[in-house]
C-alpha cells in the first residue's frame, strides 16, 4: 500500500489527504412531518445548527414517501396533518419492516392525556407539546434519543 501512496504524483495532495483521512461521519438524518411552515422552520434551524440533516414533509403522505425513499434516524411527527393523520403515519411506520425501528417523537399542539396515551401506545418514544418545547429543548431530546453527538 505504501508503494501506491509513493507512486501518486506530487501534484495530487488533495487526493492523498482524502485517501489517508478517516471515514467521514455522516450527519444523523431527521425527518420532520409538520404542516406549519413557521414552526417547522424554527425547529429545523436549531437542529441543523446542532449538526443534524433535516428533511421536511408538509403532510402525512409525503412524510411516508420521504421515509420510504430515505429512512431516517429519527422522525419528528405532528398529529394534525393533511392527507394522513399523524397517528395513521405512526401506525404505518411501525407496520413497515424497514421503518418500524425508527424512533418517533410526536411534536404536537395537543396535550390531551388521551392523545398522549394513544401516541405512546402506537409506539412514539416521546410526546412533546410544541408550546412547551423550545428548539434547544427539542435538540436535546433528539440527542438523547439518538444516544450520540451529531457530526460537525
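None of the figures in this text is laboratory data; all of them are computed from the coordinates on show. Since this is a predicted model, take the numbers as computed values, not measurements. Cβ placement follows ideal geometry from the backbone for every residue including glycine, while neighbour counts extend to all protein chains displayed.
One table, with the values for the structure above:
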| item | result |
| --- | --- |
| Inter-centroid distance (Cα atoms) of region 25-63 relative to region 89-119, Å | 16 |
| Sequence of 87, 110 once ranked by neighbouring C-beta atoms within 10 Å, starting from the fewest | 110, 87 |
| Taking 32, 42 and counting other C-beta atoms within 10 Å, the order from fewest to most | 42, 32 |
| Fewest-first ranking of 139, 131, using other Cβ atoms within 10 Å as the exposure measure | 131, 139 |
| Inter-label distance, nm, simple model (7 Å from Cα along the C-beta direction), residue 125/residue 65 | 2.7 |
| Quotient of Cα Rg and 2.2 N^0.38 Å for region 43-141, N being how many residues it contains | 1.01 |
